[in-house]
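Novice: Below is the structure I would like to discuss, written out as structure tokens.
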Amino acid sequence: MNSSRNLSGRQVVNPAPLWSVLLAPAALAGLAVAAVTGDALLAGRAAGRRFAVGMAVTPLAEAARLLVAPPRTTVAPDRLLLRLGVAGVAVAAVLAVAVVPLGDRVVVDLDVGVVWFNAMEVVTWAAVWLVGWGPNALFPLVGGYRFVAQGLAYQLPFMLALITAATGAQSLRVADIVAAQRQLWFVVWMPVAFLVYLAGVLAFSFLGPFDYPAGRDIAGGVLAETGGVDRLMLLAGRWLLLTAGAAMAVPLFLGGGLGPLLPAWVWSLVKTVAVLAVLVYLRRRLPTIRADRYVELAWVVLIPVAVAQALVPALVVLGRG
Amino acid sequence: MDVVVFWVLALLAVASGILVFRLSSMARVTYALLGSFLFIGGELILLGLNYLGVVVILMMVMEMVIMAVFMIAYMMNPAGLMPMSMVHNRRGALAISGVVFAALAAGIAAVPLPAPAATRPPDPTLQLGESLMGGQMLTMMTLGFALLATMVAATVLSTGRGRYDRFGDDLERRIPNDPVPGGVGRR
Amino acid sequence: MSLQWFLLLAAALFSIGLYGVLSQQSIVMIMMGLELMLGGVIVAAGAFWHFLAPTAAAGQVIVVVVVVAMAMEMAMGFAVTTAIFRAREVDMTDQARELKG
């Protein structure tokens, strides 16, 4: 880290050079491909097969097939809105990762980076609903409404988790949050916020226990009537969102690029891969949660617990003076 | 550069604002309004209000998605597949809003506005936070109570089931009888 | 970039919203118009803060108040719409005249 200082006198990360605008999405995509590959390997193992190269490249082969597959058409679709939604999921992930530092470099060192990240996660709401609305078909619409209905239950605990980390660092700038973890990672004294955050990441990418909007009981929900490149974009978008969430967990709770010996960017990558691995494992292990159960759990249990957790850094910061 | 960004955002905001009342699909209408607010948020960021700009974007995305649900629930023709008119007194409304715009524009052109301020606060977000938690604390508390009152009132108005439906005529049930079982404690 | 142009943008948004409020029949569409009018207020408040009084927080506080007002307006609007729709299957202002005060 260099010695440029912000108002509170802490060291901050550098804005990266212009080429990082291309590097950040590339890194995001690379990590997402790694996550999908790991997921395919886990799926193979769950099916009792032995590890093989063929198993690992299944998702990539599927992606290639979708690239050449014809798009699916329905009667009187709203193509414009469908395309907006399909692209929106991936675009939100890429824009979200713009404020996430890789080591001591970041594409945009926004002073309200945490709020920006949250706003981009929320864009998923709008995008997923559009994907549900666009095809003018029953199951996608049900899936889209399922996502919107649970949106606040996903969003509020997630937002409180972000606030907890920001309160601990007394800053909305992601770099300051990393700098505040020199002595102690936030995950140590904000474990509840960390868990709530991970749940939110899974929820916003509608994967694993939160795949209710794309559930099997409604024939794939929002995915049901997409085909070809649309489907590829949508599937890629949700994995990109998962990866973006895992990448943001590192500066928020796991000390960002801080660590001994290795350069900062290596630490960032290592930690991101670790969080991603945990998320992919959880996605395979946990069953889908029904919406009515999760919504009540979120409002009655998660939000109060997350508020209590946010109170801890608030009191600590107040005590420090 | 800033001037170009201002004009692009301003024209897009106005254009999507006009589209709100020109489109017939309710989903498109809602997302046009959302687009207008995204550009308004961009204008705020251009003015140096990063926090408020991003918050406007964040809030409007949530608000418009919820709006879309109600739009479609209460409109006779949500997808706009059968064109129909849902307006009254269109000419009068056009005239009134045109006159209002002309008056406002004339006022903007005629009133001598003071010279732009020279000093800027180092951190507008910090300024806002310190103001809301200090001098403007009463405003913040009023907003908080108003929001709480809104939540209670909106729930009371919109719910179709009262406590006698949930707990029985003599309120004798310990566990409410709800159509949706929920995830905590009830079956 | 000058204050005048920002105010003109605010006036344009306000007038478009006003047109919607006056001309639309559906309650939900009227609320869209109200939101657009408040959007104009947000732009004007932000511009006044930036150009005239950046050292005072009042301009920013107004934006916060307007954003909260938008949230409350929407929540109460939908609550009232739901209530009268539940009672009488009405979602148009012309059919809910007795709410006139």
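Novice: Output yes when any residue across segment A:216-235 is under 22 Å from the mean Cα position of the chain (by Cα), in a loop (DSSP other than H, G, I, E, B) and over 23 Å from residue A:127 (Cα atoms), and no when none is.
Specialist: Within segment A:216-235, none of the residues are under 22 Å from the mean Cα position of the chain (by Cα), in a loop (DSSP other than H, G, I, E, B) and over 23 Å from residue A:127 (Cα atoms).
Novice: Examine segment A:261-270 for a residue that is crowded, with 23+ Cβ neighbours inside 10 Å, under 17 Å from residue A:35 (Cβ atoms) and at pLDDT below 90, and state whether such a residue exists.
Specialist: Yes: segment A:261-270 contains one or more residues that are crowded, with 23+ Cβ neighbours inside 10 Å, under 17 Å from residue A:35 (Cβ atoms) and at pLDDT below 90.
Novice: When you check residue A:94 against the structure, is it within 16 Å of residue A:248 (Cα to Cα) and not in a loop (DSSP other than H, G, I, E, B), yes or no?
Specialist: Yes: the conditions hold for residue A:94.
Novice: Then there is this: If I filter segment A:175-192 for residues that are more than 30 Å from residue A:146 (Cβ to Cβ), in contact (Cβ under 8 Å) with a residue 12 or more places away in the chain and within 14 Å of another protein chain (Cβ to nearest Cβ), do I get at least one hit?
Specialist: Yes, segment A:175-192 has at least one match.
Novice: Look through B:11, B:23, B:52, B:19 and report the one residue that is surrounded by fewer than 20 Cβ atoms within 10 Å (Cβ to Cβ), part of a helix (DSSP H, G or I), in contact with a helix residue (DSSP H, G or I) (Cβ under 8 Å, 6 or more places away or on another chain) and outside the structural domain of residue B:128 (by TED's automatic domain parsing).
Specialist: Answer to the check: B:19.
Novice: Do you know which residues across segment A:140-196 are in a helix (DSSP H, G or I), more than 25 Å from residue A:125 (Cβ to Cβ), touching a helix residue (DSSP H, G or I) at 6+ places or on another chain (Cβ under 6 Å) and among the aliphatic types (A, V, I, L, M)?
Specialist: Of everything in segment A:140-196, those that are in a helix (DSSP H, G or I), more than 25 Å from residue A:125 (Cβ to Cβ), touching a helix residue (DSSP H, G or I) at 6+ places or on another chain (Cβ under 6 Å) and among the aliphatic types (A, V, I, L, M) turn out to be A:169, A:178, A:187.
Novice: Determine which member of the set C:77, C:40, C:17 is at pLDDT below 90, surrounded by 19 or more Cβ atoms within 10 Å (Cβ to Cβ) and either under 20 Å from residue B:102 (Cβ atoms) or not β-branched (Val, Ile, Thr) (or both). Reasoning before the result, please.
Specialist: On the way: C:40 fails: at pLDDT below 90; C:17 fails: at pLDDT below 90.
Within the list C:77, C:40, C:17, the selection yields C:77.
Novice: Exactly one of these conditions fails for residue C:60: (1) crowded, with 23+ Cβ neighbours inside 10 Å; (2) over 17 Å from residue B:136 (Cα atoms). Give me its number.
Specialist: With respect to (1) crowded, with 23+ Cβ neighbours inside 10 Å; (2) over 17 Å from residue B:136 (Cα atoms), residue C:60 is out only on (2).
Novice: Of everything in segment B:104-154, what is outside any helix (DSSP H, G or I) and of a type in the set (D, E, K, R)? Give them in sequence order.
Specialist: Correct list: B:120, B:123.
Novice: Could I ask something else about it? Can you run down the residue pairs with Cβ atoms below 6 Å, 6 or more apart or on separate chains, where the first is in segment A:96-123 and within 20 Å of residue A:161 (Cβ to Cβ) and the partner is among the hydroxyl-bearing types (Ser, Thr, Tyr)?
Specialist: From segment A:96-123, the pairs are A:112/B:51.
Novice: List pairs: first residue in segment A:72-87 and at positive phi and within 12 Å of another protein chain (Cβ to nearest Cβ), second residue among the hydrophobic types (A, V, I, L, M, F, W, C) and surrounded by 15 or more Cβ atoms within 10 Å (Cβ to Cβ) anywhere in the structure, Cβ distance under 9 angstrom, at least six positions apart or on different chains.
Specialist: Matching pairs, first to second residue: A:76/B:79.
Novice: Right, something else. I'd like to verify a number: residues in segment B:51-78 that are within 7 Å of another protein chain (Cβ to nearest Cβ), modelled with pLDDT under 90 and more than 11 Å from the chain's Cα centre (by Cα), how many?
Specialist: 6
Novice: Please go through segment C:20-36 and give me each residue that is out of contact with any Asp or Glu (no Cβ under 9 Å at 6 or more places or on another chain) and either surrounded by fewer than 22 Cβ atoms within 10 Å (Cβ to Cβ) or over 17 Å from residue B:97 (Cβ atoms) (or both), ordered by number.
Specialist: C:21, C:22, C:30
Novice: Identify, please: which residue in segment B:118-150 is at the interface with chain C (Cβ under 7 Å from one of its Cβ atoms) and farther than 30 Å from residue A:173 by Cβ and is, among those, surrounded by the fewest Cβ atoms within 10 Å (Cβ to Cβ)?
Specialist: Selected residue: B:146.
The values are calculated or read from the model by the stated rules, or taken from the named source; none is laboratory data. Owing to the predicted nature of the structure, the values given are computational and were not obtained by experimental measurement. Methodologically, a virtual Cβ is constructed for each residue, glycine included, from the backbone with ideal geometry; neighbour enumeration extends over all protein chains shown.
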